[in-house]
Amino acid sequence: MTQPPSCCAATRGATPPNRAAAPGPSAGPASERTGHAGMVRLDGGTFLMGNSAGDGYAADGEGPVREVLLDPFRIDTTTVTNADFATFTESSGWVTLAERFGTSFVFAGLLPGHLRAATPNVPGTPWWREVPGADWRRPEGAGSDIADRMDHPVVHVSWRDARAYARWAGKRLPTEAEWEYAARGGLVQARYPWGDAREPGGVHRMNVWQGEFPDRDTGADGYVGTAPADAYEPNGYGLHNTCGNVWEWCADWFHPTWHVTGTRNNPTGPDRAERKVMRGGSYLCHESYCFRYRVDARSSNTPDSSAGNIGFRCVTSAAQELRLPFPVPYQATPASSMTARRRRSSA
């Protein structure tokens, strides 16, 4: 498939002022803030990573399909919400890069008419606008707020902001391999977390663009813009929205071919590159333009960039000791025992 200009998210090209002066996460034992609540334990093992269907973008490095081995880990069942991030900023004093830059990128169709007319578009991707005052508290800039979106994914967070949250919480960002393993929910080489049909039985299972991109989103899936972090049915491992809604930062640096010869035992990507991996697609994805709302699709952005369709979730190593016992909401089936399961399709 021909790779279109990126609709995934706009990219920042400058360094924010006074980065060294930004407050770090507050002191105190991170283990006090870490628990199993809201996380699922996955047993790891081997799984098939990558795209074998040929319906993706070769330049993104989706193939080849390869067998990857992972240690056990725990992962959040949802992306980090506005409520979660508010607790973090209140506790730590963290100031996001969008707040320090004074701008972030917003999809033009979500802006009121006067603001849309007053903000210049991004060259090559006119649906993106760099909006003064847009940040996680004010997703569409001045006059907007998150009062009725506290259960939605936090957005306008850079990779550096996501890493700061994860460290504060005693967690970390998932590796790209961990993310894909968890997103697949135990299915082998299926296109989506539930099978191969986008809308099985006519039922919407994710929040993606409905209509003609970028002119009109009908909201037929129930949402225009972000949806609650736990919207729609979870996958087989109990994770919500691993396709659509918001892109999710991963720990790895992005490279289109590193994985061809790199290790397949708990891979963590190249040592250094220019951009960080993002996975999962967002509410702006549509097959007619950018078919990246699949569990094997890849994208990337610079670690300082933020936009209204980028969020994240966290993981911990399963061996990590915790001070308090927390309930585990789901008990996952190891991928290694799934090899005999036929690929399920809802077509």
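The values are calculated or read from the model by the stated rules, or taken from the named source; none is laboratory data. Quick caveat: nothing in here was measured; it's all calculated off a predicted structure. Counting neighbours? That spans all protein chains shown, and the Cβs are built from the backbone with ideal geometry, glycine included. Remember, those area values only see protein heavy atoms, side chains included, never the ligands or the DNA or RNA. Shrake-Rupley method; radii C 1.70, N 1.55, O 1.52, S 1.80 Å.
Whole Å is fine, so just give me how far the alpha carbon centre of the stretch 243-288 lies from that of the stretch 159-223. Centre-to-centre (Cα) distance: 13 Å. Using alpha carbons only, the radius of gyration of the stretch 128-281 set against its Kirkwood radius gives Rg/Rh = 0.97. A Förster distance of 30 Å, applied to the separation of the beta-carbon atoms of A83 and T268, puts the FRET efficiency at 0.50.
Would you mind computing Rg(Cα) / (2.2 N^0.38 Å) for the stretch 60-141, counting N as its residues? Working shown, then result.
On the way: Rg = 18.1 Å, N = 82, 2.2 N^0.38 = 11.7 Å.
That ratio works out to 1.54.
Order 264-273, 120-129, 43-52 from most to least packed using the mean count of other Cβ atoms within 10 Å. Walk me through the numbers on the way to the answer.
On the way: 264-273: 13.9, 120-129: 15.4, 43-52: 19.0.
Order by mean packing, descending: 43-52, 120-129, 264-273.
Within 10 Å, count the other beta carbons around each residue, average over each peptide in 279-286, 57-64, and list them highest first.
Details: 279-286: 27.5, 57-64: 16.6.
Ranked by mean Cβ neighbours within 10 Å, highest first: 279-286, 57-64.
When you count the other C-beta atoms within 10 angstrom of each residue and take the mean per peptide, 141-147, 240-246 line up highest first as 240-246, 141-147. Accessible surface for the stretch 217-297, divided over its residues, is 35 Å² per residue with a 1.4 Å probe. The base-10 log of I(q)/I(0) for the stretch 54-98, evaluated at q = 0.14, 0.26, 0.27, 0.30 Å⁻¹, reads -0.72, -0.96, -0.99, -1.09 [Debye formula, identical scatterers on Cα atoms, solvent excluded]. Share of carbon and sulfur in the accessible area of the stretch 272-319 stands at 44%, probe radius 1.4 Å.
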